[in-house]
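The values are calculated or read from the model by the stated rules, or taken from the named source; none is laboratory data. Everything numeric here is computed off the predicted structure, so don't read it as measured data. Methodologically, a virtual Cβ is constructed for each residue, glycine included, from the backbone with ideal geometry; neighbour enumeration extends over all protein chains shown.
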Amino acid sequence: MLVIADTSPLVAIAACDGLSWLDTLFAEVRVPPAVFQEATVQGKPQADRLRHYLQDKVLTIDLHDFVITTEGLGNGELQAMALYKKQHANRLLIDDLRARKAALHNDIHIIGSVGILLLAKENQLISTIKPYLQIIQQTDAHLSAKLIDKALLIAGE
């Protein structure tokens, strides 16, 4: 299973020390150049860890080859969606609500950092998601109380 990742969930999962989960859960993890650049900016949280993890996972993409219905999305999100389409990926790892809506509008199957936590628990990579939800909340990710409650319910916590 191929997953194309956007920056925010990569930072969140790296903060949880969970990048290895991605390699266990998915046969292949790839990012476009803009995501690599965004994730590895000097001084950004988790930049060094992500630079090491992503160094051999970057695939180039030309946005001119794709028509993607978007509004107000960043270059990383746009490139990630285009790369998903080009590579016929199975999932797009993305957290931003506006980007998630645009992805769904473009027939892109999505998963977020919370979904990764649920998969990690389901596959016995972690025993509980609650401490990781707390870590993710300390990053730039914005998790609603409703999403957290739903995730904890699904996880049986």
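At-a-glance table
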read-out: Residue within region 43-50 that is surrounded by fewer than 23 Cβ atoms within 10 Å (Cβ to Cβ), of a type in the set (A, V, I, L, M) and modelled with pLDDT of 95 or more present; value: yes
read-out: Hits in region 109-157 - residues which are within 16 Å of Leu25 (Cβ to Cβ) and among the acidic types (Asp, Glu); value: Glu122
read-out: Count of region 7-30 residues which are part of a helix (DSSP H, G or I) and under 25 Å from Asn75 (Cβ atoms); value: 11
read-out: Looking only at region 93-113, and only at residues there that are outside any helix (DSSP H, G or I) and touching a Leu at 6+ places or on another chain (Cβ under 9 Å), the one that is surrounded by the most Cβ atoms within 10 Å (Cβ to Cβ); value: Leu93
read-out: Residue match in region 64-78 (condition: in contact with a strand residue (DSSP E or B) (Cβ under 6 Å, 6 or more places away or on another chain) and at pLDDT 90 or above); value: no
read-out: Selection count, region 126-153, where residues are outside any loop (DSSP other than H, G, I, E, B) and touching a residue at least 40 places away in the same chain (Cβ under 8 Å); value: 3
read-out: Check on Pro32, farther than 17 Å from His142 by Cα and not hydrophobic (A, V, I, L, M, F, W, C); value: yes
read-out: Unmet requirement for Gln55, which otherwise passes all of (1) modelled with pLDDT of 95 or more; (2) surrounded by 12 or more Cβ atoms within 10 Å (Cβ to Cβ); (3) under 20 Å from Pro33 (Cβ atoms); value: (2)
read-out: Verdict on Asp107 being on the phi > 0 side of the Ramachandran plot and acidic (Asp, Glu); value: yes
read-out: Condition met for Ile154 (surrounded by 18 or more Cβ atoms within 10 Å (Cβ to Cβ) and either touching a Leu at 6+ places or on another chain (Cβ under 7 Å) or of a type in the set (Asp, Glu) (or both)); value: no
read-out: Within region 131-149, considering residues that are under 19 Å from the mean Cα position of the chain (by Cα) and surrounded by fewer than 15 Cβ atoms within 10 Å (Cβ to Cβ), the one nearest to Pro45 (Cα to Cα); value: Asp140
read-out: Count - residues of region 94-125 that are within 19 Å of Ala155 (Cα to Cα) and touching a Phe, Trp or Tyr at 6+ places or on another chain (Cβ under 7 Å); value: 4
